[in-house]
Amino acid sequence: MATRREIVDPEFPDMQDSEYCVVRIRRADLAQLEKHLFQRYPYREWGTFFRFGFRRTSWGIAICFVDGLWPQAGELDRQSDLTHFHEDYARRAFHAAANSEGLAVGVIHSHPVGCHVSPSELDDDMDSYFGQEVSSFSNGNPYCSLILERSDRGGLTFSGRVFDRGRWLPVHALISVGQQVDRWQSNLLPIDERIPEPYEESTTDRLQAIMGAPSKERLAKAVVGVIGCSGTGSPAIEVLARAGVGEFILLDPDKLSPSNLERVHGSEYRHLQFEQMPFKVALMRELILSINPNAKITALAGNLLHANAVDEVVRCDLILGCTDSVHGRVALDELSRHYLVPVIDVGVVMDGSSGQVTEQLVNVSWFCPGESCIFCRGAINTDHMNYELMSDAERSTKEQAAADAILRGDEVDQYWKGRPPQLHTVGYLTTMAGSLMAGYVEGILTGCFQMPHVEMQFDIGHPYFGFVESPLRVRNDCNCQQHLGWAGAATPFKNVSLPPHWSQRAVRL
Ligand SMILES: [Zn+2]
Ligand SMILES: [Zn+2]
């Protein structure tokens, strides 16, 4: 509902400024939404109710668009140039809010070209009313209201606010996810002040020459998560820091160990002599700041199964999966679908004996809502995952049971499938795999290029690199497409959760 106005409505409650919201949407959904909202363009607006998943975090609320509760004939007033929701449409939305399986309900409407995205007084009235009603019908779920405008000159602009537990929070960012990941900042936020470059030649001059001038700003405002900061994570971080990525969320539970020096970028001989060796995420922070002192960094010593780690990574543009654990990959795959955060996951496998290297395999996967999941791909050894999540006591009980079974002459497998093999990784291969992923991140964020396959494997010791790509379909018996963007409401459908014998929180360093 757009009318120009200069003075802020004194009736509308103040926004909280300590917390904010981020709205995520799949690219295909955004295209459908825009088609709907801008159907009466350029002079008239249009709107819809929608359902969303949400997660309350320490910084605010992550919101994921699930689907439109598209208006049916007569539910919006076609005579009016403004968006006017008829009572029966509002009732249908309130009903959906009440029967939502944990999803919440909000409103999106367009403003005509040139009318900007500041809420009008009518918008304030509408949001005050819907916010209260939706909240009471849904037993306290948040209500989200977005305004979109698109013009040839300014592209897509938006503003948004969320009513949650009696207060209003601003929406700072809208992120669309798919083969390209775009991020829009709310038009009501002040434009970031550019930090002037100290040198005549930009540090990313050559990158901009190939990826275009807008790539600089896109990478500077990107938030990239890196799960696992060792062999593959550390070179990826170094390359992305050099490319000018503005913000990093780093997660790894481990401290440096002497054998890491061979492959962890940013580690130095002097670190090995410290009384307490540093956490890998602390080393990564040093590495990033040595390249870009203005980068923002959140460093967490922990695991993706920690709820406070998930809180941070759900505001990323995308995530690099550089963990060598099975449960880490399962958690990343679920995160990509439930929270609409795309993931590039990499694995490296080496083998050999007697001075001969026989396997130098790199596996790169793209997890994105709408693509097949890790179980559809048959890429998960659940025995190994269970082993990772077991307590030491469970492991010795199972080992004992297996030993007893052998004495009885019984089948051992039902008790114990053995320890997963120790994976070998060496610096040249992990560095190559990590920097390759960083390249795909730059391509996906800038829209310059995409990953050619959702799952690919190659071995650098084989002719033609022994390249294998897997054409992947969602399996008929898999339910991985059912809870896309459900966020916190998808919790009952997760395949992996934090074992009770682990520490319960990631530690912020
Ligand atoms: Zn409006
Ligand atoms: Zn699946």
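The values are calculated or read from the model by the stated rules, or taken from the named source; none is laboratory data. Here the structure is a predicted model, which is why all the values come from computation and not from measurement. With ideal geometry, Cβ positions are generated from the backbone for all residues, glycine too; neighbour counts draw on all protein chains shown.
Would you say V310 is crowded, with 18+ Cβ neighbours inside 10 Å, at pLDDT 95 or above and in a loop (DSSP other than H, G, I, E, B)? When the stated conditions are applied, V310 does not pass them. Report yes if some residue within segment 472-483 is more than 30 Å from T204 (Cβ to Cβ), at pLDDT 95 or above and crowded, with 16+ Cβ neighbours inside 10 Å; otherwise report no. Yes, segment 472-483 contains at least one residue that is more than 30 Å from T204 (Cβ to Cβ), at pLDDT 95 or above and crowded, with 16+ Cβ neighbours inside 10 Å.
If you go through segment 473-500 and keep only what is away from ligand 2 (no atom under 16 Å from the Cβ) and assigned to a helix (DSSP H, G or I), you end up with G488, A489, T491, P492. On the given criteria, is D67 within 16 Å of ligand 1 (Cβ to nearest atom) and either in contact (Cβ under 8 Å) with a residue 24 or more places away in the chain or outside the structural domain of V162 (by TED's automatic domain parsing) (or both)? When the stated conditions are applied, D67 does not pass them. Looking across segment 95-105 at every residue that is of a type outside the set (G, A, S) and more than 23 Å from S120 (Cα to Cα), the one that is modelled with the lowest pLDDT is identified as N99. Scanning segment 56-84 for residues that are aromatic (F, W, Y) and either buried (at least 16 other Cβ atoms within 10 Å of the Cβ) or modelled with pLDDT under 95 (or both) returns W59, F65. Against the conditions (1) assigned to a loop (DSSP other than H, G, I, E, B); (2) at pLDDT below 95, P253 satisfies every one except (2).
Rundown of residues vs (1) buried (at least 17 other Cβ atoms within 10 Å of the Cβ); (2) of a type in the set (F, W, Y); (3) within 13 Å of ligand 1 (Cβ to nearest atom); (4) within 28 Å of the chain's Cα centre (by Cα), yes/no style:
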| site | (1), (2), (3), (4) |
| --- | --- |
| H86 | no, no, no, no |
| I108 | yes, no, yes, yes |
| C115 | yes, no, yes, no |
| I147 | yes, no, yes, yes |
| I175 | yes, no, no, yes |
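Quick check on segment 265-277. Is at least one of its residues crowded, with 24+ Cβ neighbours inside 10 Å and within 25 Å of Q504 (Cα to Cα)? For segment 265-277, residues crowded, with 24+ Cβ neighbours inside 10 Å and within 25 Å of Q504 (Cα to Cα): absent.
Counting only residues that are assigned to a strand (DSSP E or B) and touching a Pro at 6+ places or on another chain (Cβ under 8 Å), segment 86-105 holds 1 of them. A379 meets all of the listed conditions (1) touching a residue at least 40 places away in the same chain (Cβ under 8 Å); (2) away from ligand 2 (no atom under 16 Å from the Cβ); (3) touching a Lys or Arg at 6+ places or on another chain (Cβ under 8 Å) but one, namely (2). Scanning segment 362-371 finds one or more residues that are at pLDDT 90 or above, of a type in the set (S, T, Y) and either within 16 Å of ligand 2 (Cβ to nearest atom) or surrounded by fewer than 14 Cβ atoms within 10 Å (Cβ to Cβ) (or both). Screening F458 against (1) in contact with a helix residue (DSSP H, G or I) (Cβ under 6 Å, 6 or more places away or on another chain); (2) at positive phi; (3) aromatic (F, W, Y) leaves a single unmet condition, (2).
Within segment 13-38, residues that are in the same structural domain as D164 (by TED's automatic domain parsing) have Cβ atoms under 8 Å from residues that are assigned to a helix (DSSP H, G or I) and at pLDDT 95 or above in these pairs: I25/L33, counting only partners at least 6 apart in sequence or on another chain.
Okay, residues lined up against (1) closer than 25 Å to I63 by Cα; (2) outside the structural domain of G443 (by TED's automatic domain parsing); (3) of a type in the set (A, V, I, L, M, F, W, C):
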{"site": "A243", "(1), (2), (3)": "no, no, yes"}
{"site": "P253", "(1), (2), (3)": "no, no, no"}
{"site": "I291", "(1), (2), (3)": "no, no, yes"}
{"site": "C316", "(1), (2), (3)": "yes, no, yes"}
